[in-house]
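To keep things clear, I will list the structure first and then write my remarks on it.
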Amino acid sequence: MGDRLVLLGTKGGPAIRPGGPSPTSTLLEIAGRPIVIDCGLGVTRGLVNAGLSLKKLDLILITHLHSDHVLELGPLLHTAWTSGLNRTVTVYGPAGIEDYWAGFLQSMRYDIDLRIDDEGRPELRHRIDLKIYSEGTVYQDTDLMISALRVNHPPVAECFALKIEANGRTVVVSADTAFFPPLADFARGADILVHEAMLPEGVDRLVSRTGNGTRLKEHLLKSHTMVADAARIARDAGARHLVLHHLIPADDPQFGEADWKDALQGKWDGRLTIGRDGLVIPLD
């Protein structure tokens, strides 16, 4: 199997609805390394459906601690452990990830201890190497480099775009962010830019469906990127392929792929992919 990007969950926000997509998670397989980026609800099933053995989990990157990006991190690692994980999984997360992990282990202490005693399993915490990262180089070896850029996602201060470079290819993931011009420099010449996107005409309908209208709308407008501005970042970066991800709205039957493409008429003429769950993008 060649290098590939798999969009496991493509909706923005934590809510799920019948027949709709799952919150954010992505698999990047490059240079022989499976890299999971964010662990929203559904990531475990998404990885299995993508054909990745959970025993082969390697690197996990969490962009920030909103629930639609981290809620299923613990369950993913626990399920991999019960599936026979026999290697160390390295998890990179922003400050605060250690509290999440400690809390998850405590919440599952009964089950974990029972399986260790009854089934002879190793201690789960010994299988996980948790590392806190910030802006700059996250990971580097002879074949792979991962770097981070702090983006603008108020009120979350510790939120990072990620750049993965390997096999002569560069993939950049915006994470959640308002329109942030420095991201174009960070993503300069990227083969693929995976950028969050919001459809202006869908915001009011989303707010009315979800509730907490005024406050939610304020958050969306100050913390996320309109689709035309995502295209502007891609254009300024000279990216070869723009992949729209973390879509807002993603599960409204009134809006489909054609609406996203219409919103980019005259604003982006490069390769374009509108994200959907399970979509595989070869990196050849």
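The values are calculated or read from the model by the stated rules, or taken from the named source; none is laboratory data. Quick caveat, the model's predicted, so the values are computed rather than measured. Virtual Cβ from ideal backbone geometry, glycine too; neighbours counted across all protein chains shown.
Key figures
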item	result
Single condition Ala187 does not satisfy, out of (1) surrounded by fewer than 22 Cβ atoms within 10 Å (Cβ to Cβ); (2) in contact with a helix residue (DSSP H, G or I) (Cβ under 8 Å, 6 or more places away or on another chain); (3) modelled with pLDDT of 95 or more	(1)
Selection status of His195, closer than 20 Å to Cys159 by Cα and part of a strand (DSSP E or B)	yes
Members of segment 1-23 that are closer than 25 Å to Asp284 by Cβ and either free of Cβ contacts under 8 Å to residues at least 60 places away in the same chain or under 14 Å from the mean Cα position of the chain (by Cα) (or both)	Met1, Leu5, Val6, Leu7, Leu8, Gly9, Thr10
Segment 9-40: number of residues that are more than 22 Å from Glu165 (Cβ to Cβ) and part of a strand (DSSP E or B)	4
Selected residue (criterion: farthest from the chain's Cα centre (by Cα)) from residues of segment 241-261 that are assigned to a loop (DSSP other than H, G, I, E, B) and in contact (Cβ under 8 Å) with a residue 40 or more places away in the chain	Gln254
Residues being part of a loop (DSSP other than H, G, I, E, B) and hydroxyl-bearing (Ser, Thr, Tyr) - total across segment 41-100	4
Selected residue (only one of Leu105, Leu144 is under 21 Å from Arg87 (Cα atoms) and out of contact with any helix residue (DSSP H, G or I) (no Cβ under 7 Å at 6 or more places or on another chain))	Leu144
Qualifying position, being in contact (Cβ under 8 Å) with a residue 60 or more places away in the chain, buried (at least 24 other Cβ atoms within 10 Å of the Cβ), aliphatic (A, V, I, L, M) and within 20 Å of Thr90 (Cα to Cα), among Ile37, Ile30	Ile37
The lone exception for Ile274 - which of (1) closer than 19 Å to Lys163 by Cβ; (2) in contact with an Asp or Glu (Cβ under 7 Å, 6 or more places away or on another chain); (3) not charged (D, E, K, R) it fails	(1)
Single unsatisfied condition, Thr210 versus (1) within 24 Å of Val151 (Cα to Cα); (2) out of contact with any strand residue (DSSP E or B) (no Cβ under 9 Å at 6 or more places or on another chain)	(1)
Residues located in segment 132-176, provided they are touching a residue at least 40 places away in the same chain (Cβ under 8 Å), assigned to a loop (DSSP other than H, G, I, E, B) and either closer than 18 Å to Ala190 by Cα or among the charged types (D, E, K, R) (or both)	Asp143, Glu158, Asn167, Ser174, Ala175, Asp176
Test: residue in segment 76-85 that is of a type in the set (S, T, N, Q) and within 16 Å of the chain's Cα centre (by Cα)	no
Flag for Asp58 being of a type outside the set (Val, Ile, Thr), under 22 Å from Glu196 (Cβ atoms) and touching a residue at least 12 places away in the same chain (Cβ under 8 Å)	no
Lone unmet requirement of (1) buried (at least 21 other Cβ atoms within 10 Å of the Cβ); (2) under 23 Å from Gly136 (Cα atoms) for Leu65	(1)
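Rundown of residues vs (1) polar (S, T, N, Q); (2) more than 25 Å from Gly136 (Cβ to Cβ); (3) surrounded by fewer than 21 Cβ atoms within 10 Å (Cβ to Cβ), yes/no style:
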| position | (1), (2), (3) |
| --- | --- |
| Phe180 | no, no, yes |
| Val194 | no, no, no |
| Val207 | no, yes, yes |
| Arg215 | no, yes, yes |
| Arg235 | no, yes, yes |
| His245 | no, no, no |
| Gly275 | no, yes, no |
